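Participant: Just passing along the structure, written as structure tokens.
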Amino acid sequence: MLNVTQHLIDRHSPWFPKTGHRLPWLLIARSWQVSLLAILVLSLISLQAAAQTRPDEFVGRISNEILEKVRQQRQELLNNPQKLNDFVSQLVMPHVDFERMTALAVGRSWRSATPEQQQKISLEFRNLLTRTYAGAMQSLRDQKIRLKPFRGDAADAEVVVRSEIVGSRGDPIGLDYRLFRQGESWKIYDINIAGVWLVETYRNQFAAEINARGLDGLIATLADRNRALEARKL
């Protein structure tokens, strides 16, 4: 199994930025298949359970059930890229708080963005992650989620659930996720893969792009990446 941490810091990777404003699209690179799988597993969790449910018990039960459902439909989804994207949009995206996730990833520049810029960034970021998750489905095999002891308080408004991805080969891959209570349901707003938080990674990438080209430059780069993925049928 691929060493995720190694790929996070591999400066020889073609996805590491070689120019001042190029984003290292770490989550799209082929070498990130394990990381993509981790994100997919996290995002496939149906967080519509009542808020009284212990988050760790809920995650453990639902995540493996959804993994099995995806495996059963895997070939059909792979043969139809549009259906694969629709599957992700319908099953995954309703359970992610994109407004909060995007605001955290953009950082302090979010407050100075116009409503139109915020809308465009959120849309492009959502499309990017949708296609990223769809690509991750291609690497699903026999993986399962193994929960670690829950050390938080299930009554808290925000919790961290720690787990790891276990397959038939290789070492387990750490997968932690931050959830917050929204009414009677839970929402995802950040993911930790092998010790690296997703929002922090994107915040560093977005900050470099914003410093070089401004918020409109970030929007243009996200849009360009989405067009490239669409052309590849992802």
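The values are calculated or read from the model by the stated rules, or taken from the named source; none is laboratory data. Keep in mind that this is a model prediction, so the values were computed, not measured. Reconstructed Cβ throughout: ideal geometry from the backbone, glycine too, with neighbour counts over all protein chains shown. Side chains included, ligands, DNA and RNA excluded: accessible areas come from the protein's heavy atoms. Shrake-Rupley method; radii C 1.70, N 1.55, O 1.52, S 1.80 Å.
Participant: How much area per residue is accessible in region 99-234 when the probe is 1.4 Å and only protein heavy atoms are counted (Å²)? Present the calculation step by step, with values, prior to reporting the outcome.
Facilitator: Details: 6760 Å² over 136 residues.
Dividing the accessible area of region 99-234 by its residue count gives 50 Å².
Participant: With θ set to phi - 60°, apply the Karplus curve 6.51 cos²θ - 1.76 cosθ + 1.60 along region 221-229 and write out the HN-Hα couplings as whole Hz, x wherever there is a Gly or Pro.
Facilitator: Each residue of region 221-229 in turn: 5, 4, 5, 4, 5, 5, 5, 5, 5 Hz.
Participant: Ok, one more. Long-range amide H contacts for residue 182: which residues qualify at under 5 Å (H placed 1.01 Å from N, peptide plane, sequence gap of 5 or more or a different chain)?
Facilitator: Close amide H contacts, sequence-distant or interchain: 187.
Participant: Return the carbon/sulfur percentage of the accessible area of region 66-115, one whole number, probe 1.4 Å, all protein chains in place. Could you put the intermediate results ahead of the total?
Facilitator: Details: 1250 of 2690 Å².
Of all accessible area on region 66-115, carbon and sulfur atoms account for 47 percent.
Participant: What accessible surface, in Å², does a 1.4 Å probe find on residue 180, ignoring ligands, DNA and RNA and rounding to the nearest 10?
Facilitator: Rounded to the nearest 10, the figure is 20 Å².
Participant: Nearest 0.05, what FRET efficiency do residue 204 and residue 181 give at R0 = 25 Å with Cβ-Cβ as r?
Facilitator: Working: r = 28 Å, r/R0 = 1.12.
With R0 = 25 Å, the Cβ-Cβ based efficiency is 0.35.
Participant: Give, as a single signed number, the net charge of other residues whose beta carbon lies under 12 Å from the beta carbon of residue 172, with Lys and Arg counted +1 and Asp and Glu -1.
Facilitator: Values: positive: 144, 146, 148, 162, 169; negative: 164, 171.
That sum, taken over residues with Cβ under 12 Å, equals +3.
Participant: Residue 168: accessible area at probe 1.4 Å, nearest 10 Å²?
Facilitator: Residue 168 exposes around 90 Å² with every protein chain in place.
Participant: Can you give the net charge of the other residues whose Cβ lies under 9 Å from the Cβ of residue 152, counting K and R as +1 and D and E as -1? Display every interim value, and only then the final one.
Facilitator: Values: positive: 151; negative: 56, 153, 156, 158.
The answer is -3.
Participant: Turning to a different aspect of this structure: Can you run phi through the Karplus equation (6.51, -1.76, 1.60; θ = phi - 60°) for region 190-198 and list ³J(HN,Hα) in whole Hz, with x for Gly and Pro?
Facilitator: Result, ordered by residue: 6, 9, 10, 10, 6, x, 10, 7, 4 Hz.
Participant: So, one more: How would you classify region 112-234 from its alpha-carbon gyration tensor, with a ≥ b ≥ c the square roots of the eigenvalues: rounded for a/c under 1.5, else prolate if a/b is greater than b/c, otherwise oblate?
Facilitator: Working: a/c = 2.19, a/b = 1.41, b/c = 1.56.
Since a/c reaches 1.5 but b/c is at least a/b, the shape of region 112-234 is classed as oblate.
Participant: What list of ³J(HN,Hα) values in whole Hz, one per residue of region 120-131 in order, does the Karplus curve 6.51 cos²θ - 1.76 cosθ + 1.60 (θ = phi - 60°) give from phi, with Gly and Pro shown as x?
Facilitator: Karplus values, whole Hz, x for Gly and Pro: 5, 4, 4, 5, 5, 5, 5, 5, 4, 5, 4, 5.
Participant: Right, something else. Determine the distance separating the Cα centre of region 88-123 from the Cα centre of region 136-211; give it in Å without decimals.
Facilitator: If we compute the Cα centre of each part, the gap is 18 Å.
Participant: Taking R0 as 25 Å, what's the FRET efficiency between residue 119 and residue 83 from their Cβ-Cβ distance, rounded to 0.05? Walk me through the numbers on the way to the answer.
Facilitator: Values: r = 27 Å, r/R0 = 1.08.
Efficiency, rounded to the nearest 0.05: 0.40.
Participant: Still on this model: Enumerate by residue number the GluC sites (Glu not before Pro) in region 151-195 meeting two conditions: DSSP loop (anything except H, G, I, E, B), and at most 14 other Cβ atoms within 10 Å of the site's Cβ.
Facilitator: Answer by residue number: 184.
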